[in-house]
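Let me begin by presenting the structure, written as structure tokens, before commenting on it.
What follows is calculated from the coordinates using simple rules that are stated; it is not laboratory data. This is a predicted model, so every value here is computed, not measured. Neighbour counts are summed over all protein chains in view; Cβ atoms, including those assigned to glycine, are modelled from backbone coordinates with ideal geometry.
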């Protein structure tokens, strides 16, 4: 037979558990479910972002076909670019509680007027339950976290008329402005982000470089394109011939002999 003491003890334990659950839920409810992502980019740059969501920790549910587990921002960046986005930390899709795990970022930049005159590279924001201290981003007292990158234009020629095209190459940079090997990134634990702002800063390198080696020759006022075996030679490596050069077309249609100044 259950004694009075055992019944009182059970009631007290149940009440304590209930209070604990209510307290935890209250804290979660008081936490904002969004954070702000924004970017400081050079002129003619824009970013696209895709927030990727996965089942919350401890959940065994799945979303059929993975549908609606990603949310895009600035997907039409050419027509309607918005540098600031409010991003949800938690969502429920098909009855499955999801949490954000990553933001995939495309950095796009235009260098001409036609639709194909653009280059792009990637950056990332990672959200993990555990992040090694050496990679963990810092949120300052103002509620902001900043990460940095530098993008550089790499130029080449394309096709028989040798039309100048550009490739965008973006790397992370440190506090001293030194370029690293990887793309720009930030990493957080989920508790760092509610109500906070994450800002990506990208600068453009002062100097442009050839897309790959031994195809252009540096001269005092720019770069000259090696002829190679002729205009049919798409790669046109110099191969020791640093006297025979070819003309090329700028994206705006100008016939040029030197980049970037066009004429010598």
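Summary table below
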item: Calculated [θ] (222 nm, deg cm²/dmol) that DSSP helices of n ≥ 4 give over the chain, each run adding -39,500 (n - 2.57); result: -3500 deg cm²/dmol
item: For 166, 160, 199, order by how many other beta-carbon atoms lie within 10 Å, fewest first; result: 160, 199, 166
item: Approximate spin-label separation residue 207-residue 57, in nm, with each point projected 7 Å along Cα-to-Cβ; result: 4.7
item: Footprinting exposure proxy for 121, 233, 191 (fewest neighbouring C-beta atoms within 10 Å first); result: 191, 233, 121
item: Stretchable slack from residue 106 to residue 141, in nm (0.36 nm times residue separation minus alpha-carbon distance); result: 9.7 nm
item: Nearest-0.05 FRET efficiency for residue 163 and residue 229, computed from C-beta distance (R0 25 Å); result: 0.85
item: Selected from 67, 162, 235 as most flexible by GNM, with the chain as the system and alpha-carbon contacts under 10 Å; result: 67
item: The chain: most fluctuating residue of 31, 82, 134 per GNM, C-alpha cutoff 10 Å; result: 134
item: Relative contact order of the chain, defined on C-alpha pairs under 8 angstrom at six or more residues apart (%); result: 17
item: Distance between modelled label sites at residue 92 and residue 191, nm, 7 Å Cα→Cβ extension; result: 2.5
item: Share, in percent, of DSSP beta bridges within the chain that are antiparallel, nearest 5; result: 75
item: Least to most buried among 75, 227, 200, 250 (fewest other Cβ within 10 Å first); result: 75, 250, 227, 200
item: Calculated P(r) of segment 42-132 - Cα pairs past 23 Å, %; result: 36
item: Distance between modelled label sites at residue 174 and residue 254, nm, 7 Å Cα→Cβ extension; result: 3.9
item: Answer label, with log10 I(q)/I(0) by the Debye sum over Cα atoms at q = 0.07, 0.10, 0.15 Å⁻¹ calculated from the coordinates and candidates [x] -0.41, -0.68, -1.09; [y] -0.37, -0.68, -1.06; [z] -0.25, -0.52, -1.18; result: [x]
item: Prolate/oblate/rounded call for segment 212-256, Cα gyration tensor, a/c under 1.5 rounded; result: oblate
item: Principal axis box of segment 114-264, alpha-carbon based, largest edge first, Å; result: 60, 32, 25
item: Gaussian network model of the chain, springs between alpha carbon atoms under 10 Å - residue of 131, 54, 219 with greatest fluctuation; result: 219
